[in-house]
Amino acid sequence: MTPKPLDRTLRFAGLLRSAIVQLRPICLVLLSDLGLLKYTSSYFDPFVVLWAPPSEIERVTGRPNAHKNAWTMAGLVLDGDWDRNDERFVDSSEWYRCLLERHVDDIAWSEMSAIQSRVVRVRNGERVMDNRTSETGVFERCRYLDRLYTNMKDHGYQTQPELLAQGRGTPYEKILPYKKHYHEVAVDIGRNGELLFVDGRHRLSLAKILDVDRIPVRVVAVHEGFLESKRTLEYEFAETEYGHPLCPGYKPYAGNLPGHESS
């Protein structure tokens, strides 16, 4: 059936909107380079990275679809009650429980109900665990998580730039440089300065299990109440380790929050 003109128009409009949303972080970086973001209260420098204790990331953000827009919402100042969500990471994350069972209780992956259910789903033609389509793929992913645990235990928590310098890094095949260098645990900042989990459940889970002192976290969105309160952010900025989001290693970038610039 030939698409109707209205259908084609709506499809084009949807693609255009998606492209604009994807380009927004890049535009904010360029505006930051030009020193223009200080003239708006709706945005801040995207790709701000902080050093934070994993133990202090207790609650999950209440923003709708936060995991799916962990990149496209970077640099936004938002109002609302999304920061008052009572959901706790250790209670709601199935992967935290799985990794706890695996590396504390020494339970085999194949014995976990969460993994067994995923095996059933791939047998039924579904995609699970980052697009795995076979039972072999499911357990390959499990072995990857075992290696991630061993590496973190033996070498400490390493940043994405450190891993990339070793030819490793998170397997994240994207063209834009910032999606590799800045692919850290992602958080939102609530009105009281609390860090709220957004993305990176495997790494945060392992960091909690291994009692890591601090990890780098990338800020996605900030509650406008925090900026209006003029509170001091109680975490160290880590911008020097990352370089410019679009030109890593070639151009400096000091992404910070308004009123909380690092020295």
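May I ask you to verify whether Arg63 is surrounded by 19 or more Cβ atoms within 10 Å (Cβ to Cβ) and modelled with pLDDT of 95 or more? Step through it out loud before you land on a result.
Working: surrounded by 19 or more Cβ atoms within 10 Å (Cβ to Cβ): yes; modelled with pLDDT of 95 or more: yes.
It is true that Arg63 is surrounded by 19 or more Cβ atoms within 10 Å (Cβ to Cβ) and modelled with pLDDT of 95 or more.
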Screening Gly167, Gly193, Gly125 for residues that are in contact (Cβ under 8 Å) with a residue 40 or more places away in the chain, farther than 17 Å from Leu210 by Cα and not in a helix (DSSP H, G or I) leaves only Gly193
Checked the range 28-79 for anything out of contact with any Pro (no Cβ under 8 Å at 6 or more places or on another chain) and aromatic (Phe, Trp, Tyr); matches are Tyr39, Tyr43
Asp130: passes all of (1) surrounded by 13 or more Cβ atoms within 10 Å (Cβ to Cβ); (2) in contact with a helix residue (DSSP H, G or I) (Cβ under 8 Å, 6 or more places away or on another chain); (3) not hydroxyl-bearing (Ser, Thr, Tyr) but (1)
Checked the range 229-263 for anything surrounded by 18 or more Cβ atoms within 10 Å (Cβ to Cβ), within 23 Å of Ile57 (Cβ to Cβ) and either at pLDDT 80 or above or of a type in the set (Lys, Arg) (or both); matches are Leu233, Tyr235, Phe237, Ala238, Tyr242, Pro245
**Asked** Is the range 159-176 home to any residue that is hydrophobic (A, V, I, L, M, F, W, C) and touching a strand residue (DSSP E or B) at 6+ places or on another chain (Cβ under 6 Å)?
**Response** no
*Inspect the range 81-98 for any residue being more than 16 Å from Gly200 (Cα to Cα), assigned to a loop (DSSP other than H, G, I, E, B), in contact with a Gly (Cβ under 6 Å, 6 or more places away or on another chain) and not β-branched (Val, Ile, Thr) and give the result as yes or no.*
yes
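In this structure, does Trp71 turn out to be over 21 Å from His183 (Cα atoms), at pLDDT 85 or above and among the aromatic types (Phe, Trp, Tyr)?
Values: over 21 Å from His183 (Cα atoms): no; at pLDDT 85 or above: yes; among the aromatic types (Phe, Trp, Tyr): yes.
The answer is no for Trp71.
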Inside the range 106-145, the number of residues satisfying the requirement of being closer than 18 Å to Gly200 by Cβ and of a type in the set (D, E, K, R) is 2
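The values are calculated or read from the model by the stated rules, or taken from the named source; none is laboratory data. Here the structure is a predicted model, which is why all the values come from computation and not from measurement. Glycine also receives a Cβ, built like all others from the backbone with ideal geometry; neighbour counts cover every protein chain displayed.
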